[in-house]
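What follows is a set of notes on a single structure, which appears directly below.
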Amino acid sequence: MTKNIVHFTLLFIVMVLLQIICSKILLFDLATPLIFIYFIIRLPINLSKNWLYTLSFLLGLVVDIFNNTHGMNALACTLMSATRGHVFNAYVGRDDDISNPIPSIASLGTGVYLKYMITMVLIFSILIFMIQSFTFSNVGLTALRALCSAALTVLLLFGIDSLMSTRREKRL
């Protein structure tokens, strides 16, 4: 238990610091890496909703403070965490025995984990870019920015998860 708390505290700090660096990156005026959401994706599935919403809100708020985005990330993180359980259950059956409740490549398998991660990243990307634009007048550009940022984020998060996953974790 204490090991998990220390692990997730360090993950929170590292993801915020990496996001502060990555928020200055804008590829082709379209894609921004949103790697801090890896913390929410990686939280244990059996974590209570109160803790999940609180940690998600705090993560978004800390990123908002450093990026001066006035609560946009806090809102998007909280809404993303509200859909997390439903997305996970859509790809992992309730009958499956989950030995490790922390979603990762090693615990879910590459295919299932990629579907889960892509869906979560798409949800967050669409939410954050719709909140930022706050209009439907330029939907095409907003959708293109969301898709490009989601693709870049998925590539980076897949690499991060490949580095973080240990061989000791068991698959479903």
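General remarks:
- Close Lys pairs in the chain (alpha-carbon distance under 26 Å; sequence gap of 8 or more, or different chains): 5.
- Placing +1 on each Lys and Arg Cβ and -1 on each Asp and Glu Cβ, with no other charges, gives region 1-153 a dipole about its Cα centre of roughly 100 debye.
- Within the chain, helix-based [θ] at 222 nm, where runs of 4 or more DSSP H residues each add -39,500 (n - 2.57), nearest 500: -23000 deg cm²/dmol
- Relative pair counts by distance (%), Cα atoms of the chain, 5 Å bins: 1, 8, 17, 22, 22, 15, 8, 4, 1, 0
- Over region 2-164, relative contact order from alpha-carbon pairs under 8 Å, at least 6 apart, %: 26 percent
- Fluctuation leader among Tyr113, Tyr38, Tyr91 - the chain, Gaussian network, Cα springs under 10 angstrom: Tyr91
Just so you know, all these numbers are worked out from the coordinates, no wet-lab data involved. Remember, predicted model here, so these are calculated numbers, not experimental data. Quick reminder, even Gly has a Cβ in these numbers, built from the backbone with ideal geometry, and neighbours come from all protein chains shown.
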